[in-house]
Amino acid sequence: MNMAKWRSYLPLATLFLLMILGSLLSDKFLTYANLMNLLQYSAESALIAVGMTLVILTGGIDLSVGSVVALTAVVSANTQHLGVWGILAVVILIGALVGALNGVVLTKFRVEPFMATLATMAIFRAVALWYTNGGPIIGTVTPAFSNIANGSLLGIPLPSVYVVVVFILGYFVLNRTPFGRHVLAVGGGEETSRLFGIKVERVKVFVYIISGVLAALAGMLITSRIGMGEPRSGFQFELVAIAVVIVGGTSLTGGRGTIGGSFIGLLIFAVVMNIMNLLNISSFVQPIVRGLIIILAALAISRMIKSKSAAAEAS
């Protein structure tokens with residue numbers, strides 16, 4: 001097995017070592033309750049990470065997801081009279097519209113993804129704050145809606161189920177559908193994709209719609225979990241999602257990466273945060289550790305890309 005192949009297993013090896021470390025540092029780490037908590041409190045990040053993976057695979061970026069979370073968090077808290085299914089429909093519609101807006105801005109007006117979604121990040125956050133006059137919406141969440149995030153299925157917390165389901169669906173879309181193949185093709189080379197008849201702009205718009213919908217669902221889930229609509233929800237969620245995708249081995253240049261890798265990346269971050277919580281490490285120190293993980297992952301991916309380029313030139 002060549003070096004590049006070994007490096008592709010680096011995220012999985014890192015997760016395995018972290019699991020060993022966690023079990024050595026705390027006897028609570030490998031308990032069923034703790035492992036379920038680990039997945040349960042990763043549900044929002046999981047939803048956003050799957051959408052971000054598809055976006056990054058096309059060579060794009062979506063900085064607006066955290067603000068979309070805030071927007072749908074407050075809207076879902078203020079539309080409880082519609083019932084769970086009505087709220088779900090509204091949230092999905094909002095996510096699709098904001099995702100389509102991002103996609104159209106960067107494809108039709110040729111705005112760079114970073115700048116386009118940076119602008120909408122500010123806009124959506126401002127709308128969420130304006131909608132609530134800067135304060136949370138409290139006292140509206142019904143028991144049925146609260147059950148979305150706080151209920152269980154056969155003794156398994158529902159958010160843990162959502163994590164597994166969203167990654168399975170993401171894997172199916174990317175690896176078993178023509179759309180998934182088009183996503184990888186666009187990230188590998190837009191001009192080549194066009195020559196093969198792929199509608200590049202349409203693929204890009206759709207990945208941003210998917211990202212918007214999943215971020216919107218994450219916002220609804222947060223409101224269900226905490227019992228109120230908080231306009232400051234989703235702060236830095238975009239950075240966490242990007243970090244999860246990078247740690248999972250997806251290239252920021254597009255065309256290389258997997259949904260399974262992002263799942264491993266999510267677990268790496270969840271395990272690290274969980275270990276620090278079990279050890280009562282200060283919440284001010286935790287972002288520093290998160291940043292160090294991102295740097296190490298970026299260095300590993302950079303070296304992998306350079307080695308592949310060197311091998312290609314040598315051949």
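The values are calculated or read from the model by the stated rules, or taken from the named source; none is laboratory data. Computed from a predicted structure; not experimentally measured. Because the Cβ atoms are built from the backbone with ideal geometry, glycine has one as well, and the counts that use them run over all protein chains shown. Calculation scope for accessible area: heavy atoms of the full protein, side chains included, ligands and nucleic acids excluded. Shrake-Rupley method; radii C 1.70, N 1.55, O 1.52, S 1.80 Å.
Would you be able to tell me the number of residues in the range 251-287 that are within 14 Å of the chain's Cα centre (by Cα), among the β-branched types (Val, Ile, Thr) and farther than 22 Å from residue 216 by Cβ? The total comes to 3. If you go through the range 43-76 and pick out every residue that is surrounded by fewer than 24 Cβ atoms within 10 Å (Cβ to Cβ) and of a type in the set (S, T, N, Q), you end up with 1. In the range 149-162, the qualifying residues are those that are out of contact with any Pro (no Cβ under 9 Å at 6 or more places or on another chain) and open to solvent by less than 60 Å² (accessible area, probe 1.4 Å), and the one that is modelled with the lowest pLDDT is 155. Residue count for the range 82-103, restricted to those that are open to solvent by less than 10 Å² (accessible area, probe 1.4 Å) and over 23 Å from residue 242 (Cβ atoms): 1. Scanning the range 223-260 for residues that are open to solvent by 10 Å² or more (accessible area, probe 1.4 Å), farther than 19 Å from residue 63 by Cα and in a helix (DSSP H, G or I) yields 225, 226, 260. Residues in the range 204-222 that are more than 22 Å from residue 131 (Cα to Cα) and open to solvent by less than 10 Å² (accessible area, probe 1.4 Å): 207, 208, 211.
With the structure loaded, tell me whether residue 255 is at positive phi, modelled with pLDDT under 90 and in contact with a Ser or Thr (Cβ under 9 Å, 6 or more places away or on another chain) or whether it fails that test. In short, yes.
Considering only residues that are polar (S, T, N, Q) and under 13 Å from residue 223 (Cα atoms), look in the range 115-142 and name the one that is modelled with the highest pLDDT. Checked the range 115-142; the qualifying residue modelled with the highest pLDDT is 142. In the range 25-32 there is no residue matching the filter, namely being at negative phi, aliphatic (A, V, I, L, M) and buried (at least 22 other Cβ atoms within 10 Å of the Cβ).
Residue 79 falls short on exactly one of the conditions (1) under 14 Å from the mean Cα position of the chain (by Cα); (2) surrounded by fewer than 24 Cβ atoms within 10 Å (Cβ to Cβ); (3) of a type outside the set (D, E, K, R), and that condition is (1).
Scanning the range 120-148 for residues that are more than 30 Å from residue 61 (Cα to Cα), in a loop (DSSP other than H, G, I, E, B) and open to solvent by 70 Å² or more (accessible area, probe 1.4 Å) returns a single hit, 139.
If you filter the range 104-119 down to residues that are within 18 Å of the chain's Cα centre (by Cα) and closer than 27 Å to residue 230 by Cβ, you find that the one that is surrounded by the fewest Cβ atoms within 10 Å (Cβ to Cβ) is 114.
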